[in-house]
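Asker: Before I ask anything, let me first share the structure, which is written out below as structure tokens.
The values are calculated or read from the model by the stated rules, or taken from the named source; none is laboratory data. Remember, it's a predicted structure, so these values are computed and weren't measured experimentally. Here the Cβ positions follow ideal geometry from the backbone for every residue, glycine too, while neighbour counts run over all protein chains shown. SASA here: full protein model, heavy atoms, side chains in, ligands and nucleic acids out. Shrake-Rupley method; radii C 1.70, N 1.55, O 1.52, S 1.80 Å.
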Amino acid sequence: MSTGVLEVRDVQKSFGAVTAAKDISVTVPEGAVYSLIGTNGAGKTTFVNMVTGYIKPDSGQINFRDRNIIGMAPRQITRMGIHRSFQIAQLCNELTVEENMLVADAIHGATGPSFLRNAHDKDARARAIATLERFNIAEHRDRLIPELSGGVKKLLDIAMAMAGDTQIMLLDEPTSGVAADEKFPIMDLVMDALRSAGVTVIFVEHDMDIVTRYSERVLAFYDGRIIADDAPDEVLSDSEVQRYVTGAPA
Amino acid sequence: MQSNLIISAIVALVALAAGAVILPDWAMFLFAMALAKGLVCLGIVGMMRGGVVSFGQGLYYCLGAYTATLVANNFGISDIFLLTFLSALVCLLVGIAFGPLLSNYRGIFFAMLSLALSMVLYGSLSKMSFIGGTDGLNIAAPTFLGWAPEGRPLQAALYIYVVTISVIAGTLMRIYFDSERGLLTLATRDNELRVEYLGASVRNIMTYNYVFGAVLGGIGGTIAALALGHVDPEFAFWTTSGEFVFVAILAGYLSVPAVFVSAIILELVRSFSNLYFPNTWQLALGIFLLAVIIALPNGLGSLVRRWKGNKA
């Protein structure tokens with residue numbers, strides 16, 4: 001009997017001699033905001049990659065609304081409602097900001113991408129611009145991706161991932177590569193948009209101020225294991241987390 | 001936007017069709033061959049928009065030509081519409097068979113695999129003496145819905161037919177390039193990972209482009225065979241496929257008319273340099289391509305975009 005929108009049970013993953021995930025088990029309730037913390041190589045991105053179908057676990061179960069999604073292709077998982085953004089924003093550099101958004105809109109349109117419907121159709125453009133406005137980046141709509149700042153790229157990456165029926169959003173380091181003074185405004189924008197849409201959020205983050213401010217629960221990873229799973233204050237004051245993750249004195 | 005396209009297509013059709021009245025026979029033949037090859041190149045351009053280049057489009061050019069010839073010679077069918085339809089159908093089926101396999105490959109692997117398939121056809125046809133072997137086969141002049149013209153009327157009818165097919169195919173491909181699927185093709189060329197994680201199948205996008213290229217290749221081959229009155233395995237040889245790639249690079253992937261203009265330029269350069277410098281015409285062609293690549297790295301089509309940009 002499930003209690004969460006996402007249930008990960010006893011998941012294991014090794015790359016040769018390196019174990020990237022050991023007995024990972026977690027249940028994420030609908031609408032919750034989870035953050036994943038840990039040093040580089042602790043297993044955070046492996047977790048995100050397994051949930052989104054980029055990597056297949058060696059064993060265990062990943063259930064989305066009681067349906068096992070292991071073995072499904074990333075696009076099938078996306079179509080079910082599990083969307084993601086990337087540590088390095090994955091955008092189409094030869095297209096403008098608006099065209100990038102139109103790509104996302106075309107894929108998630110009611111009838112799927114059409115051979116005949118013009119991609120720059122008035123309604124599609126209006127939808128794309130509305131989304132860009134929601135993320136405060138509409139002013140950049142005619143610019144090509146290489147001309148954008150790191151923060152705008154991140155927002156566009158997340159805005160594209162939000163297209164369609166997003167039920168779970170996995171954000172891989174949403175503030176990496178973003179100027180220090182842009183981090184909180186960007187997170188405010190993103191979290192407002194996700195919360196207002198009722199989306200369950202799981203984000204990977206190294207900045208503990210962001211973790212404390214935005215997450216309801218924290219999963220601390222170390223050496224492929226979850227060493228703490230609790231409210232932010234509890235996890236960040238845990239001696240093991242301080243020793244292996246945050247580096248703060250116990 | 002769509003109505004502008006239709007008006008442009010009608011204007012292009014009327015302007016090109018006027019050639020049937022004003023062009024001499026040799027020019028009509030040259031233009032008909034150029035447009036037939038332009039159709040094949042349009043298929044390559046469709047794939048180029050997705051980031052791959054087929055070096056084996058001679059496969060479908062040859063397959064279309066042989067299908068039309070064998071059907072005409074063995075079943076007595078001479079109607080050009082039916083022959084074109086049957087060739088396109090055969091190429092569609094072969095494209096559907098190979099498309100999913102090729103759509104797993106990118107870059108040089110896609111290019112070489114497509115080339116290998118066309119060379120397999122070339123080798124097979126060359127050894128099949130019962131269908132002419134290396135000498136190939138002749139095909140009788142086509143009829144047009146029961147009308148059997150001869151001499152100049154035949155040339156003119158064939159020319160108008162290829163002009164019409166080219167304008168229709170060009171218009172349909174423009175609609176496709178501008179469509180949501182067309183935009184996904186451009187996105188795939190740029191970032192496959194993003195497209196997959198948005199929920200679209202890159203393999204599916206690439207397969208469609210390959211199949212469209214196969215059908216266009218088959219139609220081009222059929223028209224070329226009917227214009228020449230002959231088909232041989234050279235249609236599938238790598239130099240023929242290389243010529244198509246040459247035109248596609250010359251045109252770039254931004255403009256559909258640029259594909260046909262490039263095909264016509266190639267035929268003109270080849271014909272005239274062959275006439276005036278019979279031993280060095282390939283050199284002239286090579287220098288011409290180098291000049292275009294250096295001056296217009298995105299092909300002749302980028303001139304249209306520049307012009308539109310300046311206008312805006």
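Asker: May I ask you to list the lysines whose Cα is less than 18 Å away from that of A:K56, ignoring any residue fewer than eight positions away on the same chain?
Answerer: Cα-Cα hits under 18 Å: A:K13, A:K22, A:K44.
Asker: State the extension gain, in nm to one decimal, for the chain segment bounded by B:N74 and B:L193, taking 0.36 nm per residue of separation less the distance between their alpha-carbons.
Answerer: Details: separation 119, 0.36 × 119 = 42.84 nm, distance 4.92 nm.
Length difference between fully extended and current span is 37.9 nm.
Asker: Amide H to amide H, which residues 5 or more places from A:F203 or on other chains are under 5 Å from it, using H placed in the peptide plane?
Answerer: A:Y34, A:S35, A:L36, A:L171
Asker: Using the Karplus curve 6.51 cos²θ - 1.76 cosθ + 1.60 with θ = phi - 60°, what ³J(HN,Hα) values do you get for each residue of the range A:236-245, in whole Hz, with x for Gly and Pro?
Answerer: Result, rounded to whole Hz: 6, 9, 5, 5, 5, 5, 5, 6, 9, 10.
Asker: R0 = 30 Å: FRET efficiency of B:N204 with A:F15, Cβ-based, nearest 0.05?
Answerer: FRET efficiency, B:N204 to A:F15: 0.50.
Asker: What residues qualify as long-range amide H neighbours of A:I227, i.e. H under 5 Å apart, gap of 5 or more or another chain, H built at 1.01 Å from N?
Answerer: A:A220, A:F221, A:Y222
Asker: Can you tell me the length gained on complete extension of the stretch A:I70 to A:N136, counting 0.36 nm per residue apart and subtracting the Cα distance?
Answerer: Values: separation 66, 0.36 × 66 = 23.76 nm, distance 3.58 nm.
So the extension gain works out to 20.2 nm.
Asker: Peptide B:196-207: average number of partner chain Cβ atoms within 10 Å per residue?
Answerer: That works out to 6 on average.
Asker: Ok, one more. In whole Å, how far is the Cα centre of the range B:150-210 from that of the range B:73-112?
Answerer: The range B:150-210 and the range B:73-112 have Cα centres separated by 15 Å.
Asker: So what are the ³J(HN,Hα) numbers for the range A:11-20, from phi and the Karplus equation (6.51, -1.76, 1.60; θ = phi - 60°), rounded to whole Hz, Gly and Pro as x?
Answerer: 7, 10, 8, 10, 10, x, 7, 8, 8, 8
Asker: What residue among B:G146, B:G58, B:G213 shows peak mean-square fluctuation when chain B is described by a Gaussian network model with Cα springs under 10 Å?
Answerer: Highest fluctuation of the listed residues: B:G146.
Asker: Output ³J(HN,Hα) for the range A:89-102: one whole-Hz value per residue in order, computed from phi by the Karplus curve 6.51 cos²θ - 1.76 cosθ + 1.60 with θ = phi - 60°, and x for Gly and Pro.
Answerer: Using θ = phi - 60°, the values come out as 3, 9, 10, 9, 5, 8, 10, 7, 4, 5, 5, 4, 5, 5 Hz.
Asker: For the ranges A:46-54, B:77-85, A:65-73, what's the packing order if you count other beta-carbon atoms within 10 Å of each residue, average per peptide, and put the highest first?
Answerer: For the peptides A:46-54, B:77-85, A:65-73, the packing ranking is A:46-54, B:77-85, A:65-73.
Asker: Once you have the Cα-Cα distance between B:A295 and B:Y276, take 0.36 nm times their residue separation minus that, and quote the gain in nm to one decimal.
Answerer: 4.3 nm
Asker: If I take R0 = 51 Å and measure r between the Cβ atoms of A:A180 and B:I168 in this structure, what FRET efficiency does the formula 1/(1 + (r/R0)^6) give, to the nearest 0.05?
Answerer: 0.35
Asker: Taking beta carbons within 10 Å but only from partner chains, what does the mean come to for residues B:139-152?
Answerer: Averaged over the peptide's residues, the number is 0.
Asker: Averaged over peptide A:82-91, how many Cβ atoms belonging to another chain are found within 10 Å of each residue's Cβ? Spell out each step's value before the answer.
Answerer: Details: counts 0, 3, 1, 1, 3, 0, 0, 1, 9, 4.
Whole-number average of other-chain Cβ neighbours for A:82-91 is 2.
Asker: Give the B-A buried accessible area in Å², both sides summed, 1.4 Å probe, nearest 100.
Answerer: In total, chains B and A hide about 2800 Å² from solvent.
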